[in-house]
Amino acid sequence: MDELIARISAAAGLEPEVAKQAIGLILGYLRKEGPQADVDELFAAFPGAAEAVVLNGSAPGDGPGGLMGLAGRLSNLGIGMGQMQTIGRQVFAFAREAAGDERVGQVVAAIPGLSQFL
């Protein structure tokens, strides 16, 4: 997870703690909105994913759902729309490296509207 935090910090120009919180929010969104079995498989192959969700308070049922809810929570961290896209791309690139295109693709395809942001 430290590698992903560093990548996001550099790519989006964020402090590491903000990058860590953003990762937790995105992973929490996947946990809440994605198909349970596919997300479980993705998290099993993505080192630190499950722990990041818990550590960042983004457990299922936490706050409003959908992409707009996620965008609002990221915005509350001071993250702009361009940075959100950069962070999303970095998280999913890292997930693909860890879990493979097919596994990540299953999760993305199952969440309406998510693919247009990646």
So which residues in the range 71-102 are over 12 Å from the mean Cα position of the chain (by Cα), touching a residue at least 24 places away in the same chain (Cβ under 8 Å) and either outside any helix (DSSP H, G or I) or over 13 Å from ALA22 (Cβ atoms) (or both)?
LEU77, GLY78, ILE79, ALA98, ALA99, GLY100
For the range 103-113, give me each residue that is in contact (Cβ under 8 Å) with a residue 60 or more places away in the chain and within 12 Å of the chain's Cα centre (by Cα).
VAL104, VAL107
With the requirement that a residue be buried (at least 20 other Cβ atoms within 10 Å of the Cβ) and of a type outside the set (Val, Ile, Thr), what does the range 5-19 give you?
ALA12, LEU14, ALA19
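Values in this text are rule-based calculations from the coordinates and carry no lab data. Remember, predicted model here, so these are calculated numbers, not experimental data. For neighbour counting, all protein chains shown are included, and Cβ atoms are generated from backbone atoms with ideal geometry for every residue, glycine included.
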